[in-house]
């Protein structure tokens, strides 16, 4: 019976994370899902050792959900920062190209 509860709990967490997403999962959501499932599995194993696998899975799943979301949030922040830096690099390269073209035009007309 406890094993069934563990599976049901894991399925509920997974379906909640997947069901709440619009499109693909964010890094934060992926981290939360992985943390919840991993925490539930480890909690179930530890709980089974003391005769309470369902309670262990529930506690482990909740702790894993929170810690996984925190880790996923940090990773998502880094991804956004890198994306912003790449946009800035692309904008700078476009500006340099525009200035090179302007310089070539000036050289051709002799107005520099």
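Of note:
- Candidate set: segment 1-57, residues that are assigned to a loop (DSSP other than H, G, I, E, B) and modelled with pLDDT under 85; chosen: the one surrounded by the most Cβ atoms within 10 Å (Cβ to Cβ): 21
- In segment 73-112, the residues that are within 30 Å of residue 24 (Cβ to Cβ) and over 29 Å from the mean Cα position of the chain (by Cα): 93, 94
- Meets criteria (over 20 Å from residue 8 (Cα atoms), modelled with pLDDT under 90 and part of a helix (DSSP H, G or I)) for residue 108: yes
The values are calculated or read from the model by the stated rules, or taken from the named source; none is laboratory data. The structure presented is a predicted model; accordingly, all values stated were derived computationally and were not measured. Note that we place each Cβ from the backbone using ideal geometry, even for glycine, and neighbour counts take in every protein chain shown.
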